[in-house]
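Asker: Mind having a look at this structure? Questions to follow.
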Amino acid sequence: MNYVIIGNGPAGVIAAETLRQSDPQDSIVLIGDELEPPYSRMAIPYLLMGDIQEAGTYLRKDANHFRNLNIELLVARADKVDPTNKKVFLNNGKTVNYDKLLIASGSRPVAPPITGMNLPGIYPCWTMEDSRHIMKLAKKGARVLQMGAGFIGCIILEALASRGVELIVVEMGNRMVPRMMTEGAGGLIKKWCEKKGVKVFTSTKVEAIEKSGNSANPLKVKLSNGESLTVGLVISATGVRPNTEFLKGSGIVTDVGIKVDETMQTNVPGVYAAGDVAQAQEFYTGAQMVNAIQPNAADQARIAALNMAGKSARSQGTMAINVLNTLGLISSSFGQWMGVAGGDHTELVDEDNFRYMHLEFKDDILVGATSLGLTQHVGVIRGLIQGKIRLGEWKDLLLKDPTRIMEAYLARTQGSNFKFAA
């Protein structure tokens, strides 16, 4: 059996290792288009902070890890997939034959349509090469403007701030992390960042970037609020898009990402997808969605590999699980944090102490939650949502006091051993 995996990020690596455990002798080829060994993009901020060296980003620290597992690493980019003849065409002119194929090609940064985006000194923070450029320019005291304050943007923000730069963040949404946090939570994160010395503009767009003529800050950034700022570095963190273009004409069905079933198989037998590129069933609604988080990629990779190896594994559905550390303030959101039709919700706000909790219910089941500065509740929130545990009389109590969620969890999971207390 010839297994081929396109993409050597976390999903690709975990799938390759899972396949090797299942099939000790069969051929496994892992294709990646960067010169570095397989590494985690999520570790790049720690590289910028100086907490690790480049080798610290590598997914497997033993230089002989893949050789010892007899997993072949190919440095190339997949340009085309031919499922009829079971071939992958590479950008170096070579082809690779497969019996089973996993597409774990991940995603790439989306460059906003802004004049001047091709000027020197403007980078996404996505590859190891990006990080090298950023570290050269993001010296202590440098003026840096970051476009985007989403999940990835806030992680990059943390790394830049640690370097002692003068940081300005521009977010077109009306709050920080608008696709992960409620308005109340996102607003508090903005206040926290400003308290820590980061200038944040929300409901604001970058309209153009041009040369400033200033050697220290060679970029002039024009904002939709009328301001113009000169900076030495611009970071673009305005979102990502699944890498699916090379599948054009393959017959593999794509939408936002590659559509897969609960086994992670595409519409083409023997072809699977996992990670940021996979559009899989959502846990609560059943609708197909791309959920670009590393725990999801790892789960999907294992499920895909087991099915490729002839075993049986099914996904229970992907669920939003976001935990974020922004300059020391921990926030999280789970499941249908934005609410569902016909549902109820409750919200606790303590602005002075940066504490916040928002719970979303459907009937007496917790379906989503957002929290800020209340880390002790994260595990039980996830457990209640994933377990679809009926809260009964505890729902009404939580609507009045959401901080009693630990008691509610114990009461509904420990049965008669835990008494209801009004």
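Asker: Treat the count of other C-beta atoms within 10 Å as a stand-in for reagent exposure and order Phe354, Phe89, Phe66 from fewest to most.
Answerer: Fewest-to-most ranking of Phe354, Phe89, Phe66: Phe89, Phe354, Phe66.
Asker: Give a quick list of chymotrypsin sites (Phe, Trp or Tyr not before Pro) in the stretch 248-296 that DSSP marks as loop, anything other than H, G, I, E or B, with at most 10 other Cβ atoms within 10 Å.
Answerer: Answer in residue order: no site qualifies.
Asker: While we're on this one: For each of Ile156, Ile321, count neighbouring Cβ atoms within 10 Å of the residue's Cβ, then give the residues from fewest to most. Mind dumping the intermediate values first?
Answerer: Numbers: Ile156 25, Ile321 19.
Fewest-to-most ranking of Ile156, Ile321: Ile321, Ile156.
Asker: Continuing with the same structure: Write down the radius of gyration of the stretch 122-236 and its Dmax, each obtained from C-alpha positions, in Å.
Answerer: Computed over the Cα atoms of the stretch 122-236, radius of gyration and Dmax are 13.5, 41 Å.
Asker: Now for a different question. Defining a contact as two alpha carbons under 8 Å apart and six or more residues distant in sequence, what relative contact order in percent does the chain show?
Answerer: After rounding, I find 13 percent.
Asker: Across the chain, where is the longest run that never hits GluC sites (Glu not before Pro) in a DSSP loop with at most 13 other C-beta atoms within 10 Å? Each step should come with its number before you reach the end.
Answerer: On the way: sites that count: Glu227, Glu351, Glu393.
Excluding the exposed sites themselves, the longest stretch runs over 1-226.
Asker: Sorting Val29, Val4, Val340, Val256 on the 10 Å Cβ count, fewest up front, what's the list?
Answerer: Final ranking by Cβ density, sparse to dense: Val256, Val340, Val29, Val4.
Asker: Under 5 Å between amide hydrogens, which residues at least 5 positions from Arg355 or on another chain qualify, with H placed 1.01 Å from N in the peptide plane?
Answerer: Asp350
Asker: Taking θ = phi - 60°, what integer Hz values does the Karplus form 6.51 cos²θ - 1.76 cosθ + 1.60 yield along the stretch 254-271, in sequence order, with x for Gly and Pro?
Answerer: 10, 10, 5, x, 8, 6, 9, 9, 6, 8, 6, 8, 7, 5, 9, x, x, 10
Asker: For every other residue with a beta carbon closer than 10 angstrom to the beta carbon of Gly164, add +1 if it is Lys or Arg and -1 if Asp or Glu, then tell me the sum.
Answerer: Numbers: positive: Lys139, Lys140, Arg163; negative: Glu166.
Value of the local net charge: +2.
Asker: Given Lys259/Lys388; Lys100/Lys311; Lys80/Lys248; Lys86/Lys248, which pairs have Cα atoms separated by over 19 Å?
Answerer: Checking Cα-Cα distances, Lys259/Lys388 exceed 19 Å.
Asker: Excluding Thr285 itself, calculate the net charge of residues whose Cβ lies under 14 Å from the Cβ of Thr285, where each Lys or Arg counts +1 and each Asp or Glu counts -1.
Answerer: Charge balance near Thr285 sits at 0.
Asker: Right, here's the next one. Return the aspartates and glutamates within reach of Lys211: Cα separation strictly under 17 angstrom, same-chain partners fewer than 8 residues apart disregarded; answer none if there are no such residues.
Answerer: Once the sequence-local aspartates and glutamates are set aside, what remains near Lys211 is Glu227.
Asker: Same structure again: Out of residues 5 or more away from Tyr272 or on other chains, whose amide H comes under 5 Å of its own, with H placed 1.01 Å from N in the peptide plane?
Answerer: Sorted by chain and number, the residues that satisfy this are Leu101, Leu102, Ile103, Thr266.
Asker: The stretch 215-248: which trypsin sites (Lys or Arg not before Pro) are DSSP loop and have at most 14 other beta-carbon atoms within 10 angstrom?
Answerer: Filter output for the stretch 215-248: Lys248.
Asker: Read through the labelled values [x] 22.8; [y] 38.5; [z] 21.0 and report the label of the one computed as mean projected area of the Cα convex hull in nm² from the structure.
Answerer: It is the value labelled [x].
Asker: Lysines within cross-link reach of Lys199: Cα-Cα under 21 Å, excluding same-chain residues under 8 positions apart?
Answerer: List returned: Lys139, Lys140, Lys190, Lys191, Lys220, Lys222.
Asker: Next up: Mind checking which of Gly141, Gly184, Gly121 has the largest fluctuation in a GNM of the chain, springs on alpha carbons under 10 Å?
Answerer: Highest fluctuation among the options: Gly141.
Asker: Using alpha-carbon positions, what is the distance between the centroids of the stretch 214-237 and the stretch 311-381, in Å?
Answerer: Here the answer is 35 Å between Cα centres.
Asker: Please give me the summed charge of the neighbours of Val271: other residues whose Cβ is under 14 Å from its Cβ, Lys and Arg +1, Asp and Glu -1.
Answerer: Charge balance in the 14 Å sphere: +2.
Coordinate-derived values only; no laboratory data. Just so we're clear, the structure is a prediction, and the values are computed from it rather than from any experiment. No Cβ is skipped: glycine too gets one built from the backbone with ideal geometry, and neighbour counts run over all protein chains shown.
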